[in-house]
Amino acid sequence: MPQDMPPAGGYDAVQYKRNLPPSAFKPKTLLAFGGLIMVYGWYHLFHGIREQRELAREKMWSRIHLIPALQAEEDRDLVRRHLADVQREKELLGDKAVKAYHSDRYVRPTFAITPGKIIKD
Amino acid sequence: MASRIPQFNQQVLYDTTPLPDSIPKVKELGASSAPLMSAAYFIGARCRDYNDDFMQCKNENPGKGEFECLKEGRRVTRCARSVIADINKSCLEEFRKHWTCLEDNNQQLWQCRPAEWKLNKCVFENLGLKKEIPDQPPNVTPVHLRKQMIYAHWPIPRSAEPFVPPTQTGDNNKAPAAASSSS
């Protein structure tokens with residue numbers, strides 16, 4: 001019985017490489033492309049942040065112009081309530097009213113005392 | 001938790017006792033936030049001195065400013081009130097358009113440039129007040145005069161023209177100086 005022998009001319013080369021088509025862009029091109037997109041984005045980001053800062057400044061100044069008026073209104077209300085409190089205290093305690101704080105500073109009251117009888121206008 | 005009764009301090013904190021007669025009365029501003037924001041720069045332009053006086057007084061009387069600065073506060077309120085009254089008198093339509101726009105756009109000034117330019121023009125022509133942002137960096141168009149707003153929802157129509165007050169160039173350098181000296 002004849003022995004199994006390699007085919008005439010030997011075996012074909014073993015295919016260990018993948019025969020994929022080469023990619024359309026080289027890695028360097030892809031990197032440069034991505035980089036360009038990033039630079040474009042950064043360019044817009046730069047201008048966007050600048051504009052944001054300017055807009056923030058505009059808003060801050062509009063508030064700065066308003067603060068005194070708002071604060072004045074608030075202060076007047078606080079003074080009004082404080083004087084009303086003092087008056088009520090005097091009516092209740094006479095001259096025995098004691099200062100709550102050892103200081104002349106105005107302290108915004110923690111608890112608001114509201115009058116029992118509310119006059120709504 | 002769901003059964004907790006909500007407490008609104010606006011109802012609890014009623015106290016209508018008026019100020020004593022020794023303190024002169026003044027009518028409050030009576031404008032809500034959008035009109036105030038719309039008029040802020042004009043208030044700043046006319047009432048700068050009063051505002052600075054008031055803030056200086058508050059600064060010099062820490063802890064007592066509420067009582068010491070009532071007079072300055074009345075001046076501030078009266079001045080701001082006069083500005084709003086004047087705008088209402090001569091530029092009511094533009095003013096209303098601008099602040100409704102602000103109201104509709106989360107009070108973002110950059111959404112309402114066309115309306116703002118019209119208001120600025122009207123106010124400058126009638127009251128002589130102009131909007132100027134202090135400490136403006138040089139060589140840059142002030143942000144409220146740019147024809148393109150990056151963050152606006154809609155592009156500014158081409159027909160809208162920014163209003164530049166006539167003496168813009170001369171005052172550009174003056175604004176930062178005034179701002180730094182008054183602080």
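The values are calculated or read from the model by the stated rules, or taken from the named source; none is laboratory data. The structure presented is a predicted model; accordingly, all values stated were derived computationally and were not measured. Positions of Cβ are backbone-derived with ideal geometry, glycine not excepted, and every protein chain shown enters the neighbour counts. These area figures cover heavy atoms from the full protein model, side chains too; ligands, DNA and RNA do not enter into them. Shrake-Rupley method; radii C 1.70, N 1.55, O 1.52, S 1.80 Å.
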Quick one: check the C-alpha center-to-center distance for segment A:39-89 versus segment B:90-148, whole angstrom. 18 Å
In nm, give the distance between the simple-model label positions of A:His47 and A:Ala8, each being 7 Å from the Cα along the Cα-to-Cβ direction. 7.7 nm
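Under the definition of partner shielding as Cβ atoms of other protein chains within 10 Å of a residue Cβ, what is the mean value for peptide B:79-88? Walk me through the numbers on the way to the answer.
Details: counts 2, 7, 1, 0, 1, 1, 0, 0, 0, 0.
Taking all residues of B:79-88 together, the mean is 1.
Keeping every protein chain in place, order B:Ile5, B:Ile43, A:Ile49, A:Ile37 by accessible area at 1.4 Å, biggest value first, i.e. largest first. Can you show the working numbers first?
On the way: B:Ile5 130, B:Ile43 0, A:Ile49 80, A:Ile37 105 Å².
My answer, sorted largest first, is B:Ile5, A:Ile37, A:Ile49, B:Ile43.
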Taking chain A as a Gaussian network, Cα atoms linked when under 10 Å apart, which of A:Arg18, A:Arg50, A:Arg63 shows the biggest mean-square fluctuation? A:Arg18
Under the 0.36 nm per residue contour assumption, what length would be gained going from the current alpha-carbon distance of A:Val107 and A:Lys17 to full extension? 24.0 nm
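How high is the relative contact order of chain B, given as a whole-number percent (alpha carbon pairs under 8 Å, six or more residues apart)?
Details: 154 pairs, mean separation 36.3, N = 183.
Relative contact order, chain B: 20 percent.
With a 1.4 Å probe and all protein chains kept in place, how do A:Glu74, B:Glu66 rank by accessible area, largest first?
Details: A:Glu74 70, B:Glu66 35 Å².
If we order A:Glu74, B:Glu66 from most to least accessible, we get A:Glu74, B:Glu66.
Express the C-alpha Rg of chain A as a ratio against the empirical globular expectation 2.2 N^0.38 Å, rounded to two decimals. Kindly include the intermediate steps, with their values, before the conclusion.
Values: Rg = 42.3 Å, N = 121, 2.2 N^0.38 = 13.6 Å.
With N residues counted in chain A, Rg over 2.2 N^0.38 Å equals 3.11.
More than 30 angstrom separation, counting every C-alpha pair in the protein assembly as shown; what % is that?
Values: 25214 of 46056 pairs.
Result: 55 percent of Cα pairs exceed 30 Å.
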Please go through the residue pairs B:Lys71/B:Lys97; B:Lys27/B:Lys89; B:Lys58/B:Lys121; B:Lys27/B:Lys64; B:Lys89/B:Lys130 and name each one whose alpha carbons sit more than 27 Å apart in this structure. B:Lys71/B:Lys97; B:Lys58/B:Lys121
Report, in degrees rounded to the nearest 10, the 0 to 90 angle that the Cα long axis of helix A:27-93 makes with the longest principal axis of chain A. 10 degrees
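Ratio of Rg to Rh for chain B, alpha carbon only, Kirkwood? Display every interim value, and only then the final one.
On the way: Rg = 19.9 Å, Rh = 19.0 Å.
That ratio is 1.04, to two decimals.
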Sticking with the crude label model, points 7 Å out along Cα→Cβ, report the distance from B:Ser32 to B:Lys89 in nm, one decimal please. 2.6 nm
With all protein chains in place and a 1.4 Å probe, B:Ser33 shows an accessible area in Å² (nearest 10) of 70 Å²
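Say R0 is 22 Å: what FRET efficiency, to the nearest 0.05, do A:His82 and B:Arg78 get from their beta-carbon distance? The partial results should precede the final answer.
Values: r = 22 Å, r/R0 = 1.02.
After rounding to 0.05, the efficiency reads 0.45.
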For segment A:27-95, what is Rg from Cα atoms divided by 2.2 N^0.38 Å, rounded to two decimals? 2.60
Go through the protein assembly as shown and flag any cysteine with no other cysteine's C-beta closer than 4.7 Å, please. none
Within 10 Å of each Cβ of B:136-144, how many other protein chain Cβ atoms are there on average? 3
Ranked order, A:Asp104, B:Asp52 - accessible area, probe 1.4 Å, largest first: A:Asp104, B:Asp52
